[in-house]
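Asker: Have a look at this one.
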Amino acid sequence: MAESSSESIIWKGKFSYNPEEYGFEEDVNFELYISKTDNQFEGVSYDDEFRDLHPELPKVKGFIDGDKIYFVITYPVSYSIDENDKILIDQTRKGHDVIYNGTFDRTFNKWSGIWEIMQEEEIDGDEIIIQDYSTGEWEMM
């Protein structure tokens, strides 16, 4: 049986919010610090938007299948942006998952695709909290 070798990789990229949903927003830079074994990888995400808000970094887990990539970034605490573009952190609630799907562009030597936050409901006492569906684009090298 062949042994799997693991390698440490830093991928640098950026993501943007859907302008129809949020209006025009600046791109947000991010870095994934991962350990990759065969086609699977896991590690942490470090982005310009969340990094100064909480000491624990979001976790990353995913895989590559040929020219396709899929990964999930899980935030350690509840993290949202209100209607006034104010960032809200609630350390008493669990964080959400951001699902990334994309493909590799050999011409530009980069990954790119769509990210999504699926709509979720959470019950907090007598209150139902709804995390709205959200989407945008991303790319990384």
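The values are calculated or read from the model by the stated rules, or taken from the named source; none is laboratory data. The shown structure was predicted, so the numbers you read here are calculated from the model rather than taken from an experiment. Ideal geometry is used to build each Cβ from the backbone, glycine not excepted, and the neighbour counts take in all protein chains shown.
Asker: Using beta carbons and a limit of 6 Å, which pairs, at least six apart or on different chains, have the first residue in the stretch 97-116 and polar (S, T, N, Q) and the second one part of a strand (DSSP E or B) and surrounded by 15 or more Cβ atoms within 10 Å (Cβ to Cβ)?
Answerer: Close Cβ pairs (under 6 Å, with a partner that is part of a strand (DSSP E or B) and surrounded by 15 or more Cβ atoms within 10 Å (Cβ to Cβ)) amount to N101/G113; S112/G102; S112/E139.
Asker: Of all residues in the stretch 105-118 being under 15 Å from the mean Cα position of the chain (by Cα) and not β-branched (V, I, T), which is modelled with the lowest pLDDT?
Answerer: Of everything passing the filter in the stretch 105-118, M118 is modelled with the lowest pLDDT.
Asker: While we're here: Using beta carbons and a limit of 6 Å, which pairs, at least six apart or on different chains, have the first residue in the stretch 16-38 and at negative phi and β-branched (V, I, T) and the second one modelled with pLDDT of 85 or more and part of a loop (DSSP other than H, G, I, E, B)?
Answerer: Hits for this filter: V28/D48; V28/E49.
Asker: If I ask for residues that are part of a strand (DSSP E or B), among the aliphatic types (A, V, I, L, M) and exposed (fewer than 14 other Cβ atoms within 10 Å of the Cβ), which ones from the stretch 19-58 would you list?
Answerer: Selection gives nothing.
Asker: Continuing with the same structure: Residues in the stretch 66-88 that are over 22 Å from G43 (Cβ atoms) and either outside any strand (DSSP E or B) or not small (G, A, S) (or both): how many?
Answerer: Number of matching residues: 8.
Asker: Only one of D65, D47 is under 15 Å from W111 (Cβ atoms) and of a type in the set (D, E, K, R); which?
Answerer: D65
Asker: Please tell me if T92 is at pLDDT 90 or above and assigned to a loop (DSSP other than H, G, I, E, B). Walk me through how you get there before you give the answer.
Answerer: Values: at pLDDT 90 or above: no; assigned to a loop (DSSP other than H, G, I, E, B): yes.
No.
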